[in-house]
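Working notes for the structure below.
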Amino acid sequence: MSAGEGINVIQHDAILETREAFGETTLIADPARIVHLCRHLKAEEKFVRLSAVTAVDWHPAEPRFEVIYHLHSIENNRRLRLKCRLPENDAVIDSVYEVWRGADWYEREVFDMFGIRFRNHPNLVRILMPIDWDGHPLRKDYPVHGHKYDYSQESHG
Amino acid sequence: MAKILDEDPVATLPAPAVEPENPAAPRLMTLNMGPQHPSTHGVLRIMLELEGEIIRKAVPDIGFLHTGIEKECEQKNWQQAVTLTDRVDYLANLSNNLVYALAVEKLLQLEIPERAQWMRVMLAELSRLNSHLVWLGTHALDIGAMSVFFYCFREREDILRIFEIFSGQRMMTSYIRIGGLALEPPRGWDKRVGAFIRAFPSKVDEYENLLNANPIWKIRTQNVGFISLEDMLALGVTGPMIRAAGLQWDIRKSEPYSSYEKFDFEVPCYAENDVYARYRVRLGEMRQSTRIITQALEGMPPGDWRADAPHVTLPDREKMKTQMEALIYHFKIVTEGFRVPAGEVYQCVESPRGEIGYYIVSDGTSKPYRVHMRTPSFGNLQALGIMLKDTLIADSIASLGSMDFVLGDTDR
């Protein structure tokens, strides 16, 4: 019923772990070799579409961030989730822009919302928040109602 | 007279260097389109670099409508977050309600009664009609065909009234909830939907009579707004855009959800890959949606409109007043919500605009840990720069209208 049943298991030396849950496959990958793995998945496993890139913040746990790639193969009618874990003090990963150009805006969004940096991204600037914004709103230590403005600090001269 | 001219101080100044350094280089003008431009259908800014009337570069600037919906979802309990999904894509609320409910139900491993599933299909298709009608009306208005707008909004009004009798709301319906529907379908709903859907095919004929062979419409839309299928797939474009480029991919067919596999419908597909083909695809989808709704009306299975899961769905008022257990469940669901087992799911549906995919992470508490919305408008809009490159500025309105994006859906 769900996409991807009865299809071979993906083998690659950058895959650290494979999980199956709710009929969905999740590969946990080595962040240092993500571009290599993605190139392989696109060329050999026909994952032509990058559906989305996103992240999850597990603050205060370590490694704090998970970068998540949702891939889709129209030809094989199959979906795949890739997951890379990144520590807080080194939240940098290679951009997959050269594999799927569609990663451009998604990686900018992850950078904007989580402060994860993408190496070799052509234009890594904020996309949803204003350019001069401080902080990354979807981090768990970012307040929901913003930083409270202190009126008592205003001068009334 | 000549003497005065000779003494003119301006005439004695050295000629300014007007020639650019490279005389062969084109002179570009930067034009800011939006964020308050009527044809951008929301607050979208596009920076255009023009050489004469030709767009050499187009850079969309988004984020003006960012309202932090994903962050807010993390503060609401599972059922409350449904109301936020309405506000993502405000023209296809029920598709957004549906994808969120399906994702959470997958985590809960909840079985939804067939009647509720069929009801959801019917409402999602009405929602598609609603969205396509708004698209057709405003798109034709942009191109200069004003009367189509009034025709489309006449039918849209009927659909909004149907939503109102179901949910009490015209736009922010929140009618599809985790575990089923929000309320029991109102008495006489089938007559209202039936009357509308019987009349609707003749209305689609009217739109087609107005536009299909209209020479101005054809000149403005045919061979305009081309973007290659490879570019679209690489950039994450989905939905009618892809199907107007000859790829017959529809999530309702490839990964059926909510009993779509039980409905008989076709996926309209054209190969021309221009604005006109996208128009034909959407009109074809309106006719197919009509078929689906008719089948749902005729074959609506009996049964309950929500799952038999007292820990998730609210009890009947009558039971709540007479049974202790129902009262306890009611109190618990209303005060703290229900817990969802830890895990992560990705669920996608075919919205009027393309693939909506919700990636939901639960940490086992009564609030979502993370909700990521992969919205079709965001992916589609990413291709705008390539689509507008080297086209005429006058065509840009038709091209970007044919994408059918909603800025609330883009910025979330």
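The values are calculated or read from the model by the stated rules, or taken from the named source; none is laboratory data. Here the structure is a predicted model, which means the values were calculated and not measured. Neighbour counts are summed over all protein chains in view; Cβ atoms, including those assigned to glycine, are modelled from backbone coordinates with ideal geometry.
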| Among B:Glu230, B:Glu261, which is the only one that is within 15 Å of B:Ala124 (Cα to Cα), assigned to a helix (DSSP H, G or I) and within 14 Å of chain A (Cβ to nearest Cβ)? | B:Glu261
| B:Ile165 vs. criteria at pLDDT 90 or above, within 22 Å of B:Pro113 (Cβ to Cβ) and in a helix (DSSP H, G or I) | yes
| said: Being part of a strand (DSSP E or B) and within 28 Å of B:Ile242 (Cα to Cα) is the requirement here; does A:Ile93 meet it? | reply: no
| message | Suppose we filter B:Gly284, B:Gly299 for residues that are surrounded by fewer than 17 Cβ atoms within 10 Å (Cβ to Cβ), more than 30 Å from A:Trp58 (Cβ to Cβ), away from every other protein chain (no Cβ under 14 Å) and within 28 Å of the chain's Cα centre (by Cα); which single one remains? | response | B:Gly299
| Residue in the stretch B:23-42 that is modelled with pLDDT of 90 or more and in a helix (DSSP H, G or I) present | no
| message | I need the helices (runs of 4 or more DSSP H) fully contained in the stretch B:319-406, keeping only those with at least 1 residues that are farther than 26 Å from B:Asn93 by Cβ and within 11 Å of chain A (Cβ to nearest Cβ). | response | B:384-388
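Among A:Asp132, A:Asp104, A:Asp112, which is the only one that is without any contact (Cβ under 8 Å) to a residue 24 or more places away in the chain, surrounded by 19 or more Cβ atoms within 10 Å (Cβ to Cβ) and within 14 Å of another protein chain (Cβ to nearest Cβ)? Steps first, please.
Details: A:Asp132 fails: surrounded by 19 or more Cβ atoms within 10 Å (Cβ to Cβ); A:Asp112 fails: without any contact (Cβ under 8 Å) to a residue 24 or more places away in the chain.
Sole residue among the options that is without any contact (Cβ under 8 Å) to a residue 24 or more places away in the chain, surrounded by 19 or more Cβ atoms within 10 Å (Cβ to Cβ) and within 14 Å of another protein chain (Cβ to nearest Cβ): A:Asp104.
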| For the stretch B:212-231, how many residues meet the condition of being under 24 Å from B:Glu350 (Cβ atoms) and in contact with a helix residue (DSSP H, G or I) (Cβ under 6 Å, 6 or more places away or on another chain)? | 4
| Limited to the stretch A:68-97, what total is found for residues that are of a type outside the set (Phe, Trp, Tyr), in contact with a Lys or Arg (Cβ under 8 Å, 6 or more places away or on another chain) and closer than 28 Å to B:Gly385 by Cα? | 11
| query | On the given criteria, is A:Phe47 at positive phi, at pLDDT 85 or above and not aliphatic (A, V, I, L, M)? | reply | no
| Out of B:Val59, B:Val99, sole residue that is β-branched (Val, Ile, Thr), part of a helix (DSSP H, G or I) and either buried (at least 20 other Cβ atoms within 10 Å of the Cβ) or within 14 Å of another protein chain (Cβ to nearest Cβ) (or both) | B:Val99
| Mind checking which residues of the stretch B:176-207 are assigned to a loop (DSSP other than H, G, I, E, B) and in contact with a strand residue (DSSP E or B) (Cβ under 6 Å, 6 or more places away or on another chain)? | B:Gly179
| When you scan the stretch A:10-33, how many residues do you find that are hydrophobic (A, V, I, L, M, F, W, C) and either within 23 Å of B:Gln347 (Cβ to Cβ) or within 11 Å of another protein chain (Cβ to nearest Cβ) (or both)? | 6
